[in-house]
1. Which percent, to the nearest 5, of DSSP beta bridges fully inside the chain are antiparallel?
2. Tell me what the chain gives for mean residue ellipticity at 222 nm when only DSSP H runs of n ≥ 4 count, each as -39,500 (n - 2.57), the sum divided by the residue total, rounded to 500 deg cm²/dmol.
3. Could you check the spin-label model distance between K49 and E96? Points 7 Å from the Cα along Cα→Cβ, value in nm.
4. Taking 0.36 nm per intervening residue step and subtracting the Cα-Cα distance, what contour gain separates N322 from V351 on full extension?
5. At 0.36 nm per residue, and after removing the present C-alpha to C-alpha distance, how many nm does the segment from D176 to H330 gain when stretched out fully?
6. Could you give the nm distance between label points at K305 and E80, where each point is 7 Å from its Cα heading toward the beta carbon?
7. For each of E163, E352, count neighbouring Cβ atoms within 10 Å of the residue's Cβ, then give the residues from fewest to most.
8. May I ask you to derive the FRET efficiency for R360 and D264 from their Cβ-Cβ distance with R0 = 25 Å, giving the value to the nearest 0.05?
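No lab work stands behind these numbers, since they all come straight from the coordinates. Bear in mind that the values here come from a model prediction, so they are computed numbers and not experimental data. Counting neighbours? That spans all protein chains shown, and the Cβs are built from the backbone with ideal geometry, glycine included.
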Amino acid sequence: MTTDLPDPSRRPTPGQLTFSAPRRGKPPKHLADLDPGERKAAVEALGHKGFRAKQLSTHYFERLVADPEEMTDLPKAAREELVSGLLPQLLTPVRELRADKGATIKQVWRLFDGALVESVLMRYPGRVTMCISSQAGCGMNCPFCATGQEGLTRNLSTAEIVEQVVAGARALRHGDLAGDAGDDEVDSPLRVSNVVFMGMGEALANYRQAINAIRRLTDPAPDGLGMSARGITMSTVGLVPAMDKLTAEGIPVTLALSLHAPDDELRNELVPINTRWTVDEALDAAYRYYKATGRRVSIEYALIKDINDHGWRADLLGQKLNQRGKGWVHVNPIPLNPTPGSKWTASRRGVEQNFVERLRSHGVPTTVRDTRGSEIDGACGQLAASTA
Ligand code: SAH
């Protein structure tokens, strides 16, 4: 090309700018997509002083405020502009379901393009855990998982991931979440202490956004929410190259590997990506994560009746973990939450207990994970936005 003139066919017409329905393309840009330097640039691009970025961050990450009326330290004229430019509403509440006497809340959100995602807020004595989504749907196709049946709609943006946690933090601040049954001490102020990427999606398949979200969650206020990385769990089917990338980031989050079977033959069926990266390759990558970060890895194992709950599989798992080292790993068996129409059910209690004891007999720390919110389809693997 020899001309500097813009290609007229590329220039948006005013009509395209104002009426872009149906909504396609990218979610609106949001403060939480940007690092502090980018925020300053974005505020200046809107014609405001750079220091307003910090004020805006304080409102969003520290005060949890997105309403311009409450931003009294900003000139009135600037508020609307900055809020509409950098704090657009990304999540619209669709439905809210409560369980466990109000100590568990599941929220269904509609995104700008109509996609639905879910998050779950759970209060335990001394901590609050939030389970968040990283994608609308999921492309990993695990046959026992409700989200897996849906296929992948799209990746969430960084801010769409962060907003779920901010919404949870707001709900806590407003006292929406009841205390856990055994919780009689007053936890004040209540904060989201733990975040698990165990809602919809495979976060490591949306790598950049997931990592940026972790940075926003862990950056000290007012740049971010100021959470401890140790309170964050990244859960994966075992995308080995992405696990190694995460290792190299050097953020001390907890890594959870969804194993569900210690042998390739069965795991190929339960976690289809296993045909790409085998049990041994996934375990090796998990071990490398441990070696580099010192963080003990969690192995997730949904116990499915007569499918993967055999004593010999517990032994094989114990052997494979011990082959690599001692003290580097923890197993979390979880009773399967059958999805609608599933041919599979949870293992019987005695079988579950036997599986746990066999693992422990190999010296592998093992804790059965609880199934909060199962009656509101809020438990692991049930999130499928049935609202749709
Ligand atoms: N893509 C991530 C996050 C998925 S959800 C991953 O695979 O790790 C978090 C955990 O719940 C995963 O271990 C997943 O395998 C498990 N899970 C999915 N469906 C389940 C079900 N129906 N019952 C029990 N656990 C389930």
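1. Details: 23 of 44 bridges.
Within the chain, antiparallel bridges account for around 50 percent of the total.
2. Numbers: 12 runs with 124 residues, N = 388.
Using -39500 (n - 2.57) per qualifying helix, the result is -9500 deg cm²/dmol.
3. Placing both labels 7 Å along Cα→Cβ, they lie 3.7 nm apart.
4. Working: separation 29, 0.36 × 29 = 10.44 nm, distance 2.24 nm.
Between N322 and V351, full extension yields 8.2 nm more.
5. Working: separation 154, 0.36 × 154 = 55.44 nm, distance 3.28 nm.
Once the chain is fully extended between D176 and H330, it gains 52.2 nm.
6. 6.1
7. Working: E163 27, E352 18.
Exposure proxy ranking, most exposed first: E352, E163.
8. Working: r = 25 Å, r/R0 = 0.99.
E between R360 and D264, to the nearest 0.05, is 0.50.
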